[in-house]
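One structure is given here, and the rest of the page talks about it.
The values are calculated or read from the model by the stated rules, or taken from the named source; none is laboratory data. Quick caveat, the model's predicted, so the values are computed rather than measured. Note that we place each Cβ from the backbone using ideal geometry, even for glycine, and neighbour counts take in every protein chain shown.
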Amino acid sequence: MSESKSQLRIGFIHPDLGIGGAEQLIVNMAVALKKQGHNVIIYTPYHDPKHCFQATIDGTIPVEVRGAIVPQTIFGKLWALCATIRVIFCTLYLICFGFKFDVVIVDQVSPAVPLLRLFNRKCLFYCHYPDKLLCVERRSILKKIYRFFLDYIEEFSLLFANKILVNSNFTREVYQRSFKYLSKYNNPEILYPAIDFSSFDDTIKQSAPVDSKASPFFLSLNRYERKKNINLAIQAFAQFVKESASNNQFKLIIAGGYDERIAENVEHHKELLSLAKELNVEDKVVFKFSISNKERTQLLQTAQAVLYTPENEHFGIVPVECMYMKRPVLACNSGGPKESVVDGETGFLLQSNPSDWSKKMDWIAKNPSKAAEMGQNGRKRAIEKFGLEAFAESIDKSVREICQPGSKKNN
């Protein structure tokens with residue numbers, strides 16, 4: 001193996017290796033780098049073998065749990081502070097007892113970056129979205145003071161990264177507005193998330209034939225969080241059912257990450273149940289929690305379409321999965337989906353209005369051949385733009401650039 005293609009030792013630091021878009025990206029990145037010939041290990045304060053991606057438990061990607069000695073919250077509060085401390089402990093373990101990594105990839109919790117640089121570790125930071133913008137509830141004086149320090153530390157710590165990547169042009173624009181000083185010195189590059197499409201193909205091969213007599217359904221795939229705007233899917237579905245008698249045969253399946261440790265997950269599920277009952281569709285709305293990869297693939301394979309409801313989503317991997325599985329996707333006309341979904345060709349980009357969504361759902365139900373054509377267009381776009389091969393080459397190039405002697409990113 002030549003010097004330019006030498007094998008690298010690459011570590012990852014991620015705060016909570018559960019099931020979600022950020023976790024899927026990190027796992028796919030680790031898999032992609034391993035396929036490029038590198039040695040990879042993920043360090044995390046939390047990893048539940050019963051609630052994670054398959055690659056982290058089947059031996060594909062080694063995972064070490066470090067930093068779990070620190071609690072996740074203090075009396076149900078201070079999530080961000082505890083996550084930061086847990087990651088710092090995890091980082092210290094990597095520095096003191098881990099391998100001498102050529103590059104360490106960090107995401108979500110940026111204070112790990114200056115700590116790594118202090119001990120002469122090269123660091124790439126992947127920004128899903130500025131953390132300072134994820135905390136919108138700041139009414140009390142104490143919360144404002146608490147977040148002021150966390151927000152300052154976030155921007156300050158990112159100054160030390162050798163390289164910063166973001167998941168979409170939308171996120172880069174938000175990053176530049178949020179970190180005006182930082183953008184002068186470390187402007188991020190775009191690396192779209194990717195999907196290992198082979199995992200979908202393998203699951204389909206091993207699955208039983210699709211039951212053609214099963215009730216048709218629309219699918220919502222999101223974590224049980226209020227910011228995912230799942231209410232919109234239920235409201236649109238309720239209007240869709242009222243459009244005509246033939247629509248009564250349809251169901252709405254809501255599936256996604258659900259963790260009983262997180263109060264919002266539990267509370268929001270109850271809110272969605274109440275909304276479905278209020279709109280008289282409780283018998284047609286099915287809730288599923290933390291589904292397996294196999295069930296996820298089967299749902300995508302058999303859905304009429306996917307309703308992707310978050311507004312201003314940073315990127316959103318679900319629309320890409322949906323397109324690969326040849327299903328039309330309905331998404332809000334904002335954020336990352338504007339870069340993945342082609343309106344009118346692979347799905348529809350809509351305002352957050354239940355009536356607009358209901359009309360497009362009705363169109364899909366009444367025009368199966370045109371909906372199938374959309375699905376074919378989506379499959380082609382997903383493979384060309386969001387395949388793992390192109391993603392692997394891009395992230396491989398980024399980590400090698402950091403390690404290249406004489407590179408500005410090497411400092």
Restricting segment 315-351 to residues that are touching a Ser or Thr at 6+ places or on another chain (Cβ under 6 Å) and not acidic (D, E), the residue that is surrounded by the fewest Cβ atoms within 10 Å (Cβ to Cβ): C332
Unique match (being free of Cβ contacts under 8 Å to residues at least 12 places away in the same chain and among the polar types (S, T, N, Q)) among N367, N377: N367
Matching entry among Q351, Q376 (being closer than 25 Å to A194 by Cβ, out of contact with any helix residue (DSSP H, G or I) (no Cβ under 6 Å at 6 or more places or on another chain) and not β-branched (V, I, T)): Q376
Candidates K380, K326, K366, K338 - the one that is outside the structural domain of A30 (by TED's automatic domain parsing) and either of a type in the set (F, W, Y) or at positive phi (or both): K326
Segment 75-91, residues that are surrounded by fewer than 18 Cβ atoms within 10 Å (Cβ to Cβ) and basic (K, R): K77
Search result, residues across segment 290-329 that are under 15 Å from D196 (Cβ atoms) and among the polar types (S, T, N, Q): N293, T297
Where a residue in segment 132-143 is over 14 Å from L81 (Cβ atoms) and its partner, wherever it lies, is basic (K, R), with Cβ under 6 Å and at least six apart: R138/K144; R138/R147
Members of segment 221-234 that are closer than 14 Å to G21 by Cα and crowded, with 21+ Cβ neighbours inside 10 Å: L221, N222, R223, Y224, K228
Candidate set: segment 1-52, residues that are farther than 22 Å from N293 by Cα and of a type in the set (G, A, S); chosen: the one surrounded by the most Cβ atoms within 10 Å (Cβ to Cβ): G11
Selection status of F148, surrounded by fewer than 21 Cβ atoms within 10 Å (Cβ to Cβ), among the aromatic types (F, W, Y) and within 30 Å of V266 (Cα to Cα): yes
